[in-house]
């Protein structure tokens, strides 16, 4: 099928998925508990609570609330007011996005800039101590829970050596440890996959031809192998970016990074419905978008995959 | 990808080495080093005249001019000349806090984390001088007098400016209290001023505050939570929602910016009516993790840290560049019970629970002995304190006997606590749960991260939760009545409904006879102990870490007072 | 590893058979007739070719490690110096035995309530393994059944099931889990259920794909024409192929489930105190990181070792069962 048809199908599925997620979250929140009592202090009367519920529109029947919510979101990206902060929920989420974005991009950059060269180096010097070391490190990186890695970094780098700060995002130095923590799994995966993809290509016949022609190993790799190994590696990069979102939650909590993941956890506990909805929609939206992009890229690179 | 055998072997040996390395690699100093400076920073009251002596010695020395040159506080706080820009002025005082409030609302963010930040931004009509025996001194009001039993007249200070440049007038005072009493507002402050009738503007610098019934504590209330004066014109212009995110007051520091979960920045206000404070800028940085917060202090990343747990006090004291200031809080950690939950219906069960708690043991273990088990529900030095009242009894045998007598059949008790809101809250909860299990109670603990943990959630049959009682007025009315009385949700939700207690409390707040009030409160304390709607645990010692060169005194209430008389910067 | 799981999903989803589209009906596709190698295939082909010798070393090592952990869990009462719940407020924050102030009565030190870290570590393995195996089981059963349903019934049912899978994958599962626990309240049962649900999608995709591809095979069509019952088809043709895949998926899922449980416990949403769980021990120790690092570090190391053992074993298993999987999984 044509690329555009393929893309269209994917987009429709993505939208439908998003809708499903947001709807489920909406109803789950409403059925779970009453935020009005959580919001008011101990001195509030029953009347105060009732009045607040009315103000917040919590008295309406659920379908009505849902319809109101949906129309507002679609028309003006209006998620209502944060129940806690009394500021627009969308704004509350928006102000945290840059922090998570910075963290995710930094981690992604590390994944590519460290993982791929490491994989290449390991492949080029396969079976040497360097290779073994790199692969050992990669294995370690894949089995270490990211929150534990974060804690160890806080302990060793932040508390014992006091080389770097470990809480918040006040300066650029604050970004280093969280980015390292978040990217560890990705670097490890990327290194291993790059190595294997490269090695596979290296064995192909045309590589033997290149050798026979007298090209050095290095030239052969850079001229032929890399290009062919790129396809699977590029695909996995997309997957990694999606994974960063999930890992960001724990990382943000360990390093008190003021991002969206941390906001999600806090607002779920506070039953701050509008913010939870906005956050869920944002995270799901980004996830779906990334998956979409990866699918499209994959479909473009490998037309046979489109036959679905 | 299959790693081969040698990789696996290497991997396992690396793991082993890692473990050994971590074990052997000790942190900088496990044992506290001998103190280099025996200077004890524990004198509570800093006489405001002391620094003046320093100013005399080095008047024009550019390299070490004393900020105290301007510390000439007068009785009426006349504005002094601005301090000369000097190396002693701290450009940015960074304070690491463990939690931040939702907004900066003077009527609603009155928890510990909120009042700390509100104090430098706003002023009160009357100030409670914590450094001088809790005397009430003039602040925005220069004088006051009781016109009659129900009315208090105050004269306002002239020439006071808000951060937006407008002048303070009686209209602002009236607006402030109208805002507090507004029935449509979500304000917690209303609970502090239930007796308030209203404010009358007599002339631009005179107001009259009227109460519904005689109030023996009106002046204390005006010097306490919620009574910070806000600018009428500005609030009306920007709206309340915007105002509580970017407040404007008359205090020595004005709001600059607030990055949530990151930091709040305040700059010195040049038009401040009283003498200028020492720090040019204050940054409140949020570092919720204890270990990280302490490390930030030790490394110099921050200047002051709050919520220093007793376990870490030694570390900070031992370090050469830092010191510790501690103060017993006017706050008690308590437990509160839902007396209508199936397990706790019988008062004997509740009394047994109270008897089973080894409070001294908790203090020894969790607070290194630095907390205090109070006498009943009273604070030393405050109204109602009686040294002859015994501390809560610890008697597990009696507890078991009571449980048997009550026929306790194993009904489950659900105890919910937050892991970080109260210092040592989780640890105390776990320890108390064990103590209760030892006497035969069935208890289930839930540790849930929650920003505001002062609510008992009816769903799920929750029976016990942590709480704290801050004595805001130096009087049982401020905590015993406010928290446990009929106007609080605790009673309103039916967790406790004591008739005699309520009757007595109402009486005590509206009579001016202090002897009779004392009698009433003693009886109310007795009821609290006998009826056991909860129990007092201990009065915590609150510790702060400071870098050397910062002379700041913490208060028994969580205010962060950075005004000139309380925060001084000596040689960096 | 988690990335592999998603990779499997993606690959299983992106194939003609998984989408239920018509596929040229031929005999079982041979390796050389495959479409362009996908990532997973590349990795496996490389792995197979690189394996100059069948290495039991890895398998032995990880099996031994896993066995050790299981034994530790089973024999915890015998191995632990004391009860994991025994508080001793006077012995709070005792360092490990080889440090000054430590004692061999508490070899790995004591936590903030004086409880022995080693004992809690041993008992904590029970939780990890319990949750891990139960969840893997739940996921396997749930996912396979749904996959079979989707494959056989096709149509709306099949599409709905696949959409549900998409929806679940649209959010980091951690956020979903946190939301569910916040709504219902923390409990071990909920934890196991959630962990089980976290992995069903892989099984479903793969199973469905397998059912679809097989049902188009000539011999199946022929068998049906002759009157063979569905059950017979299932048992004789689909099940054998399914077993290998499902087992491999289960081992992969085990690692991610252990990770999920420990993350949730770390956040305070999983196992509640005083029950010991490696994740919650890690979380509780954060406060004392600069004065009592052992409270957090040892549980973390235990987690690492366990996940390592499970992952290595799963990887080897997948490679060992390669020949079938390379063809059938897609």
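Bear in mind these aren't lab numbers, they're just calculated from the coordinates by the rules spelled out. Just so you know, these numbers come straight off a predicted model, no measurement behind them. FYI the Cβ positions are ideal-geometry reconstructions off the backbone, even for glycines, and counts take in every protein chain you see.
A Förster radius of 51 Å, combined with the Cβ-Cβ distance separating residue C:103 from residue A:55, puts the computed FRET efficiency at roughly 0.30. Fully extending the segment from residue B:129 to residue B:257 would add 43.2 nm, taking 0.36 nm per residue of separation and subtracting the current Cα-Cα distance. Quick check: from the Cα gyration tensor, does region B:133-229 come out rounded (a/c under 1.5), prolate or oblate? Since a/c stays below 1.5, the shape of region B:133-229 is classed as rounded. Compared with the direct C-alpha span, the chain from residue C:90 to residue C:222 gains 39.8 nm at full extension, assuming 0.36 nm per residue.
Cβ crowding within 10 Å, taken as a proxy for footprinting-reagent exposure, orders A:213, B:232, B:438 from fewest neighbours to most as A:213, B:438, B:232. Every pair of different Cα atoms in region B:407-446 enters the Kirkwood calculation, which places the hydrodynamic radius at 10.6 Å. Put a dot 7 Å past the Cα of residue B:246, heading toward its Cβ, do the same for residue B:523, and the two dots end up 5.4 nm apart.
The overall shape of region A:249-289, judged from the alpha-carbon gyration tensor, is oblate: a/c is not under 1.5, and a/b is no greater than b/c. From the Cα gyration tensor of region C:73-136, with a ≥ b ≥ c the square roots of its eigenvalues, which class applies: rounded if a/c is under 1.5, or else prolate if a/b is larger than b/c, or else oblate? Verdict is prolate for region C:73-136.
Computed from the Cβ-Cβ distance with R0 of 51 Å, the FRET efficiency linking residue A:133 to residue C:70 stands at 0.95. The label point for residue B:385 and the one for residue C:156, both projected 7 Å from the Cα toward the Cβ, are 7.5 nm apart.
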